[in-house]
Structure formats: C-alpha cells, structure tokens
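Contents: one structure, followed by commentary.
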Amino acid sequence: MNKITQAATFVVVFMIPFFFLPVTRDFLIYSKFYFVALGAFVLVLLSFGKFLLTKKFSLTHNIAAQSMFLIGLAYILSIVLMSPNKLQAVFNPQYGFVMIISMMILYFYAAKSFIGSKIPPIFALSVSALVVSIFALVVMVDPFSSMELPTYWSFLSATTFNVIGSSIDFLAFMIVVLVGSSLFMWRSHKDSVSHERMQSSHNKTFMIIEG
C-alpha cells in the first residue's frame, strides 16, 4: 500500500503542471483545481484503506510540515471566517478552502513519500517542465494557423498559450524548477566529491597501515 501511495503521489505531482481539459470555463484554472482536489482525495482514500488493513495511523513529525500546517490552517480560517461570501471562500479554484487544503494534503504526502525514495521530487517537476516547455514551443511557432480548429481547441491558435497559466505563471514555474534542479545537481556533485575524498582517505590510511 505504501508503494501504491508513493506512486500515486508521484503521478499527481508530475501531472499537475500540464494537466488541463478544455471543457470548462477558464479551463486551465478549473481543470487544475479539480485534478488537485481529486488527487488529494485519492491519496486520503488510499491512506484510509491502509488504516483499515493495518489498524495503524502515522503522522509526520517534520518541523517544516508542521509549520506549513499551522500557516495553512491560519490562512484557511481567515478566508472562511472573514469572507462575506462563504461559498466562494470554500470553492474558489485559486485560493479557496478546498484548493488550499488539497495542496496541503499533497504537500504532506509528497514530503513523506519522497523521503528515502530513489526518485527525487525535483525529477517529477523537471520532466513536467520539459513537457510544458515543448508544448509552449510548439504552440509558439503556430503550427495550426492554416487549420480550422473546433471551438474548444481554438486556444491553440494563441501563440502565447501555455498549460501553466499566464506568461508570468509559466516563467515563475520554470525559474523554480531550474533553481531546484541546479541545487539538486550541485548537492549531488558535492556529495559525490565528499564520498570520493572519504574513500581516498580510507584507502591511503589502509595503505599506510599495511606498509
């Protein structure tokens, strides 16, 4: 069950950046809202199934996760209690109660699932960024200019369209992934160099002892 939950978390994190269905109003916003909420619900459902099978329930003791929970809880209470329109405060697809709580759930599952995993979390986002970039480049050259597209595919004729959202959203996402990937590669290289130096030091010590 842990492997299933881990795989489901990886798939959700991987698909969020480029997932959309052009069947709703403001389809980028609403598609991601429904997908994130559904992904969080599936993960909670898997955990509930695990609880029924094992009769065990575990909570993360990560300080960062606990801090995120408190910040998120304060934000949720503020938007629900202070908003004059309670229904909109709950179901707003960008910063409503359902969206924020779903993102918090995904964060907790990702923080727990990727610990000790052979696949680093930045890998999922890096591959997603690659897919998003390729899609944006294809749309930018306007390959559909000579085609009559159906109404629900008309957005493909806009050369500035991308699956993240606005151009600022796209740029912010790419910067975050680029910085995260660079830090991961730098850290991996640093760990590799440290390991090689330690191994070399051990070998020299062993040779001195033998000599």
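The values are calculated or read from the model by the stated rules, or taken from the named source; none is laboratory data. Everything numeric in this text was worked out from a predicted model, so none of it was measured. Positions of Cβ are backbone-derived with ideal geometry, glycine not excepted, and every protein chain shown enters the neighbour counts.
Before moving on, here are some points about what is shown:
- Count - residues of segment 73-88 that are over 23 Å from the mean Cα position of the chain (by Cα) and in a helix (DSSP H, G or I): 9
- Any chance residue 169 is at positive phi and free of Cβ contacts under 8 Å to residues at least 60 places away in the same chain: no
- In segment 28-68, the residues that are surrounded by 15 or more Cβ atoms within 10 Å (Cβ to Cβ), modelled with pLDDT under 80 and not small (Gly, Ala, Ser): 68
- Single residue of segment 148-164 satisfying the filter (touching a Pro at 6+ places or on another chain (Cβ under 8 Å) and at pLDDT 85 or above) that is nearest to residue 20 (Cα to Cα): 163
- If the condition is being in contact (Cβ under 8 Å) with a residue 40 or more places away in the chain and surrounded by 13 or more Cβ atoms within 10 Å (Cβ to Cβ), then segment 134-166 contributes 135, 155, 163, 164, 165.
- When residues of segment 145-179 are limited to those that are aliphatic (A, V, I, L, M) and not in a helix (DSSP H, G or I), the one farthest from the chain's Cα centre (by Cα): 147
- Matching entry among 188, 192, 167, 181 (being under 20 Å from residue 119 (Cα atoms) and modelled with pLDDT of 80 or more): 181
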